[in-house]
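Novice: Next up is a structure, given as structure tokens.
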Amino acid sequence: MNFQLLDADYIRKDNSPIIRLFGRGDDGRSICCLVPGFEPYFYARPSTVNSHDELIRALEQNFNSIKRVELVEKFEPVGYQKSRKKMLKIVTYDPQNVPEIRDDVVSFPGIEEVYETDILFRNRYLVDQGIHGMKWVHADTSSDIDHSMDCDELVTSTRIEEVDRIDSAPLRHFAFDIECLPINGGMPVPEQSPVIMISLSFEPEFRGMKSIVLLGRSLDDAGDGVEVLGDEPALLNRFFEIFREYDPDVVTGYNINDFDIPYIVDRIKTLQSSGITINSACGRDGRPLDYRKIGIRSMVSITGRIVADSLPIIRQQFSLKRYNLQTVSRELLDMEKLDVSPQQMEEYWLDSGEKIRKFIDYARRDSELAMELLLKLRLLDKFVALAQISGSLPQEILEGGQTSMVENLLLREFRKHDYVLPPRPDENIVSSRNRESEGLKGGEVLEPKKGLLEKVVILDYKSLYPTIMMAHNLCYTTVIDIERPDGNIIKPPSGGEFVSAEVFRGIVPSILENLLNRRTETKGLMKGAKTEDEYRVYDATQLALKILLNSFYGYSGYTRARLYSLALANAVTSFGRENILKTRSVVEKEIETVILREGKAYLKEEVTSKDTDDVIVKLSVVYGDTDSVFVQCSSETNLELEDVELVGNRIAGIVSHSLPDPMELEFESIAERALFIAKKRYALWMFERSGTEWSESIKVKGMETVRRDWCELTSRTLNSVLELILKEGDVEKAMEYVRGVVDRVRNIDVANDPEIIDDLVLTRMYSKSMGSYKNKQPHLTVIEKMKKRTGAAPSIGERIPFVIVAGKDLFVNRAEDPDYVRQNNISLDVDYYIKKQILPPVSRILSAFGVDEAALDYDSKQKGLFEFSPSSEKKLSDQLQRRKKGTAEDHDSGNRKSQSSLFDF
DNA sequence: AAAAATACCTAG
DNA sequence: TCAGCTAGGTATTTTT
């Protein structure tokens, strides 16, 4: 029997652990597969002097829970070693015994250190058997047992093997959303407010239905897709009944981890205390719904299934100003959320006509949207690929970060090479690592040549840090630490020493090599994909490989890592810095000039005679950040895109050739014009090759248009200015545009035009607990005001919108809730928006052309207005002027929906 | 009034 | 932003 592995855990039977694997078969049946016989264990390193036999006997006698001790040969995890050392493999009866006895074992006479003492038993099993999360497995034999499990089949198997398949099992997706009735319009609390409705969506359909709304009251002629349950207990019981019958593999919703699920669980407790019992069994093993609180956030797992809350995934994958369901559905799905305000809710709920029906429709939309988000945006694809590659279970990846995946890969590869892994560091170790980690230096950022430049080639290093680790054999296992090698030594610029690959090939470099090769292969397969689905699978796979490739460097400098090495992390970045500086010097000093002749790019030493048709291109590096270089190409002759491309490819080729394998500099794209403001702040009019054509775009980095703590007004104004300058080279027009915006802002009439506020809203993340802020912050004053007025309490991690209202008070105190401002006709601080939101970012750009801020402010000193004209050296050549493709305004007004926008004129 | 500290968000 | 890392710019508040 074959099934796709969704989840795993273990149970105990007759004092022995049994692994349980959960999945969905290709026949569509859900499966729980029991695997007996796998033993828990960990490793210990004895001091060299002792007799191993005696030590083993002493351990076996002293610890009841030790089943047996085996003598094995392993390498320690860190530092180059010539040979394996004697170690003890301590096998216990129960997985729990491992954490129970590890502290006593480490302090037992004759034991120096323990390893792999905190590996979850199910992960231990998957790693040792070579099985990966979300992969297909084949279960050898099976014997049906009587079954009280909530899945179609319960089998026992002694032999499990992974099968190579890229398709997905027919997974069942279940989305839900609850509605609660708040006490007079406030936030509902499970101790008081009942759950009144639950909406459910299914993919594939459940009994021919895409969605169902469960209603916790009575109603005649409720209509199709509505189940009238009468009261709350019946509603909740029916919810779980449908849940079990549908038997979902993936459970989703919007913010279910932090709201819906904890609410249901707490509500059931409340009902229980008044003698009402709800059967909330929903795990594939029949476990009731539950959640656990870790710090301020709660986590949910359901045995045998994947709980995938779309909110945190969307937060991670999309940069948005706000993350409420309304904004997210509009921005990402182009769908509208329907809503009943908390104040109206009671009225709608008690109605028996139009209103309750509307309320039901609104509720239905929420679970539909949650399902759409998961499926249309294909939110799970990346996690599935990450699970398949790293071997971690999907739930673990959804809950945690990169750590579990990196450690999973390390554990598998270390095991193959007879290396052991240390346990997670305790708090003492972490804090001492934190102190020394201040010495970790990062990438090099080159000072940009500020102002507007033309014909800039953009080159970057393909996976710089991973390829550095591979090229220089940088690994925990190659640091020269305890023993010195006989062969070659690699000395990074940061100091320290590593053995070369001929002496010993590092494990991390070999993991990276494997990931990099697979990525290249996958990209090849992607090109040949026959179906859309196949393409998506390969695309998610190559993305996951990229994420994992880049995780190893970060992990090495992560103070809570099992394997932390400042020497390693510093070696990587120091090679990186050296590399970019050397690249700059090669381009400027060694290559210096490229000669174009008959469609080829030559170096100056390759050309012996002069030709009148030669195009001579001078190179200068105008910017670079960590793994990229921007090279300006200057020539007497006008350069076409193809010419610049030839230059770019030649530079990439020469530089790559001088680098150790597999380091590689790649030609990326061409900026016809580039505007550099500061380090990490620039805008490009970019041309990228797509087949035989060139695709054109404007790319903005770091500037206010891409920052979420500036208002829409700023973003749009700046975007237009950038477009006018980059595409049309028209500074005058840009100034005119800004003056127009300033003028309109000065004459804003909120009372007449409440929608205008939308363009003036700033957002900031409420990022830590109130008490730990040392300074006043605008979004915090808004939170305080809202709490006082409505009792609404945003939680940490939310982005808080606000506007600045008129007044004499300190800036922070004039931050206000946009809704409140709208409702109460409060006037905004027009001057703030002009002087602090529009002018500074715009003048940072225009000052490069000699424009003074006063020349932009319509109302202030009229003089600057007529004095200015762009200096002749900044004027752009006629021939470039001819290339314009349409004005900034065309683009801008075309995208706007609202008529009352500041930008329609 | 200048300098330092704090906070935020982004680039890579 | 839900346990990978550092570098860097800008606005505002707080301290000197």
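The values are calculated or read from the model by the stated rules, or taken from the named source; none is laboratory data. Just so it is clear, the model here is predicted, and its values are computed rather than measured. Note: ideal-geometry Cβ built from the backbone for every residue, glycine included; neighbour counts use all protein chains shown. For the accessible areas, the whole protein counts, side chains as well, though only heavy atoms, and no ligand, DNA or RNA atoms are used. Shrake-Rupley method; radii C 1.70, N 1.55, O 1.52, S 1.80 Å.
Novice: Output the direction-averaged projected area (hull surface divided by four) of the convex hull of the alpha-carbon atoms of the stretch A:192-240, in nm².
Specialist: On the way: hull surface 14.5 nm².
Projected over every direction and averaged, the Cα hull of the stretch A:192-240 covers 3.6 nm².
Novice: Something else now. With N set to the number of residues, divide the alpha-carbon radius of gyration of chain A by 2.2 N^0.38 Å and report two decimals. Walk me through the numbers before you get to the answer.
Specialist: Values: Rg = 31.9 Å, N = 905, 2.2 N^0.38 = 29.2 Å.
That works out to 1.09 for chain A.
Novice: What lysines sit close enough to A:LYS808 to cross-link, taking a C-alpha to C-alpha distance under 21 Å and skipping anything fewer than 8 places away on the same chain?
Specialist: A:LYS776, A:LYS785, A:LYS835, A:LYS836
Novice: Mind scanning A:LYS269/A:LYS787; A:LYS450/A:LYS527; A:LYS589/A:LYS680; A:LYS462/A:LYS774 and naming the pairs with a C-alpha gap bigger than 32 Å?
Specialist: A:LYS450/A:LYS527; A:LYS462/A:LYS774
Novice: Still on this structure: Cβ neighbours within 10 Å, averaged per peptide: list A:745-753, A:2-10, A:477-485 in order, most packed at the top.
Specialist: Top to bottom by mean Cβ count within 10 Å: A:2-10, A:477-485, A:745-753.
Novice: Next question, about the same structure. What are the semi-axes of the equivalent ellipsoid for the stretch A:152-275, taken as the square roots of 5 times the Cα gyration tensor eigenvalues, largest first, in whole Å?
Specialist: For the stretch A:152-275, the ellipsoid semi-axes come out as 32, 18, 14 Å.
Novice: Mind listing P(r) for the stretch A:748-838? All alpha-carbon pairs, 5 Å bins, whole percents.
Specialist: 3, 14, 25, 26, 18, 11, 4, 1, 0
Novice: With no solvent and one equal point scatterer per Cα, compute the Debye intensity ratio I(q)/I(0) for the stretch A:265-369 at 0.15, 0.16, 0.24 Å⁻¹ and report its log10, rounded to two decimals.
Specialist: Per q value, in the given order, log10 I(q)/I(0) is -1.00, -1.09, -1.15.
Novice: Another question, if that's okay. Excluding same-chain residues fewer than 8 positions from A:LYS382, which aspartates and glutamates have a Cα within less than 15 Å of its Cα?
Specialist: Within reach: A:ASP167, A:ASP309, A:GLU396, A:GLU399, A:ASP533, A:GLU534, A:ASP539.
Novice: Going by average Cβ density within 10 Å per residue, which order do the peptides A:94-107, A:836-849 take, highest to lowest?
Specialist: Those peptides, ordered most packed to least, come out A:836-849, A:94-107.
Novice: Still on this structure, please answer the following. Whole-Å semi-axes of the stretch A:173-379's equivalent ellipsoid, largest first, each the root of 5 times a Cα gyration tensor eigenvalue? Before the final figure, lay out the partial values.
Specialist: Numbers: eigenvalues 107, 91, 65 Å².
That gives 23, 21, 18 Å for the three semi-axes.
Novice: Sorted by packing (mean other beta-carbon atoms within 10 Å per residue), highest first, where do A:709-720, A:638-649 land? It would help to have the intermediate numbers written out before the result.
Specialist: Numbers: A:709-720: 21.7, A:638-649: 18.4.
Descending mean neighbour count gives A:709-720, A:638-649.
Novice: Can you list, bin by bin at 10 Å, the percent of alpha carbon pairs in the stretch A:1-142, starting at 0?
Specialist: With 10 Å bins starting at 0, P(r) equals 11, 36, 27, 18, 8, 1.
Novice: Same structure, new question: Give me the net charge of A:THR467's neighbourhood, meaning all other residues with Cβ under 11 Å from the Cβ of A:THR467; Lys, Arg count +1, Asp, Glu -1.
Specialist: Every neighbour counted, the sum reads -3.
Novice: May I ask you to give the solvent-accessible area per residue for chain A, in square angstrom, as obtained with a 1.4 angstrom probe?
Specialist: 45 Å²
Novice: Once you compute Rg and the Kirkwood Rh from C-alpha atoms, what is the Rg to Rh ratio for the stretch A:79-195? The partial results should precede the final answer.
Specialist: Values: Rg = 24.0 Å, Rh = 20.5 Å.
Taking Rg over the Kirkwood Rh, I get 1.17.
Novice: Only sites in a loop by DSSP and with at most 13 other Cβ atoms within 10 Å count here; which trypsin sites (Lys or Arg not before Pro) in the stretch A:760-805 make the cut?
Specialist: Loop-located and lightly packed - A:LYS768, A:LYS774, A:LYS776.
Novice: Right, another one. Starting from the Cα gyration tensor of the stretch A:375-465, take the square roots of the eigenvalues, sort them a ≥ b ≥ c, and report rounded, prolate or oblate (rounded when a/c is under 1.5, otherwise prolate if a/b is larger than b/c, else oblate).
Specialist: oblate
Novice: If I model a spin label as a point 7 Å beyond the Cα along the Cα-Cβ vector, how far apart are those points for A:GLN823 and A:ARG244 in nm?
Specialist: 4.4 nm
Novice: To the nearest 500 deg cm²/dmol, what mean residue ellipticity at 222 nm is calculated for chain A from DSSP H runs of n ≥ 4 alone, each contributing -39,500 (n - 2.57), summed and divided by the residues?
Specialist: -10500 deg cm²/dmol
Novice: Still on this structure: Which of the aspartates and glutamates could be linked to A:LYS441 by a straight reach, that is with a Cα gap under 19 Å, when you skip same-chain ones fewer than 8 residues away?
Specialist: The reachable aspartates and glutamates, counting only those whose Cα sits under 19 Å from A:LYS441, are A:GLU497, A:GLU578, A:ASP625, A:ASP627.
Novice: In percent, how large is the relative contact order of chain A, given Cα pairs closer than 8 Å and 6 or more residues apart? Mind showing how you got there, number by number?
Specialist: Values: 1688 pairs, mean separation 86.0, N = 905.
Reported as a whole number, the value is 10 percent.
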